[in-house]
Amino acid sequence: MIQYSKHDSPMSQQSFMGVLHKRRGVIVFLFLLIVGVVVAAAFLLPPTYRASARLMINYQLEIEKEHLLKLIQVSDKSYFERLASEPIIMKMRSILEPVVVSLGLDKSIARNETTEGDRTRAIELLARDLEVEREKDSNVLLVSYDSKDPAFAADIVTKVVNEYVKQRPALERDERATEFFDAQIKALGMQIDGLEKKGMEYKTREKVLSVDKQTYILFETLADYDKRLSDVRTTRIAHEARLKVIREQMEKGGEVIIPNTETGNSGGRYLFVNELSKTLMGLEIKKSALEQKYTASHPELASIIAQIKETRNQIRMAVDELVQGEEIDIKAKKAEERALAGSIGQVANNVAVLSRQEYELGKLTIGIDDLKAVYSMLVRQREEAKIAAGKQEYLVQVKVLDAATVPQHPVSPNRPLWIALALVLGLVVSFGVAFFMEYFDHSVNSVEDAQNCLGLPILAAISDFQVPMFKANQPGSKGSDSSKV
């Protein structure tokens, strides 16, 4: 074997075509092997189908901001920066978990049951395989999923998109304001209930139904009693005045005639006395006329005198009864006055007691009106917060542009691409291996190789020649021979 020196050159100085001709067997073998393996894999591997859907996201700005700040600009940078969070939101557990459960992706075939770990792993796998990306610089999202089953891939994308469309608007809603108002309203409600309970217990114990109504009733009763007392007092004074007039007439000895302003029994007595007085006056007129004609012993005149005397006696008796009746009426009116005054005093005392009860009740329920006012204000603000939260749900609008359909053509393997790559890879690898082998080939193939290896001058060289056909078939003959040194 030839020992090479430091001047040894492993790579012969042959032409490019010479190396290809020399290593043509290796090149053809490797090329066919690589192309065959890749093409076989392209036709034997199961196809993978991709289902896709397109969504358009719109962020509706508030009207006030639109008018005041003029932020309604689709090209605004912050508008599209928000879109970067949408792929992350779509892969949230709250959105993927209903899809996993509905399709049964979390069920273990071996145990035929679902555990929390299985569900978590299924959600993680779905999030890993689900592709969500924004198309170029638009507000359109492309949602894709690859699977061996085209119907399953379309079902996955459809369910994920539907769940996202259903949940996405609600994510903008802020429940903290409503929760704050609910807590405050609950605390105020408990405080108001406690104060009202104390008030009810005091009302039950003191037998107070309603302070305002009872006060109104007491003042109405007091006004009625006062009016009746005034009427009784007026009537009593009138009776006393008539009694005084009657007595004055009786003291003078004249006829008792009093204007009748009364009704009922007293009015009848006054009317009777006045009628007797009129009768007496008529008898006196007749007596005067008869005295001019007859003497005192005349029967007719005597009869008139007797009637006059009887009438005077009746008047006297009637006046005495009238005086007694007036005295009785005056005593009755005075008794009624005292009773009414006592009732007025009792009502006034009840008013004082009710005022005290109202004061005590007010001390027990102090501040309840203010608390109720605050309670009403908080309820109103909570409703306003709910309305605002409901409005926020519409600040994000999701519209499905292209719904997922069952794909008809697989996305992989791409057989034309694989064949092209196989051809390129076969050429590169086969040529690379051929030149690699040639680079490490240490055989002497040329005059220059011999001179570089031996370091001696070359005296002669025999060129390649062709052996005649008739000699090539003889034993020991060769078709061609290389140059010999």
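If you take the residues of segment 140-182 that are among the small types (G, A, S) and part of a strand (DSSP E or B), which of them is farthest from Y375 (Cα to Cα)?
The qualifying residue farthest from Y375 (Cα to Cα) is S147.
Under 6 Å between Cβ atoms, at least 6 apart or on separate chains: pull out the pairs that start in segment 216-239 with a residue that is under 15 Å from E326 (Cβ atoms) and end on any residue that is among the β-branched types (V, I, T) and surrounded by 12 or more Cβ atoms within 10 Å (Cβ to Cβ).
R236/I330; H239/I330
Keeping to segment 126-139, report how many residues are outside any loop (DSSP other than H, G, I, E, B), surrounded by 13 or more Cβ atoms within 10 Å (Cβ to Cβ) and at pLDDT 90 or above.
5
Sort through E321, E360 and tell me the only one that's assigned to a helix (DSSP H, G or I), modelled with pLDDT under 85, of a type in the set (D, E) and more than 60 Å from the chain's Cα centre (by Cα).
Unique residue meeting the criteria: E321.
Please give the number of the condition V208 fails out of (1) closer than 19 Å to Q381 by Cα; (2) in a loop (DSSP other than H, G, I, E, B).
(1)
Report, by residue number, each residue of segment 333-357 that is within 55 Å of the chain's Cα centre (by Cα) and more than 30 Å from L188 (Cβ to Cβ).
V347, A348, N349, N350, V351, A352, V353
Would segment 276-292 turn up any residue that is under 18 Å from D329 (Cα atoms) and either in contact with a helix residue (DSSP H, G or I) (Cβ under 7 Å, 6 or more places away or on another chain) or at pLDDT below 85 (or both)?
no
From the list L243, L271, pick out the single residue that is at pLDDT 75 or above, surrounded by 15 or more Cβ atoms within 10 Å (Cβ to Cβ), of a type outside the set (S, T, Y) and closer than 16 Å to V323 by Cα.
Just a single option satisfies the conditions, and that option is L243.
Hey, any hits in segment 68-84 for a residue that's modelled with pLDDT of 80 or more and of a type outside the set (F, W, Y)?
Checked segment 68-84: at least one residue is modelled with pLDDT of 80 or more and of a type outside the set (F, W, Y).
The values are calculated or read from the model by the stated rules, or taken from the named source; none is laboratory data. Everything numeric here is computed off the predicted structure, so don't read it as measured data. When we count neighbours, we look across all protein chains shown, and the Cβ atoms used for this are built from the backbone with ideal geometry, even at glycine.
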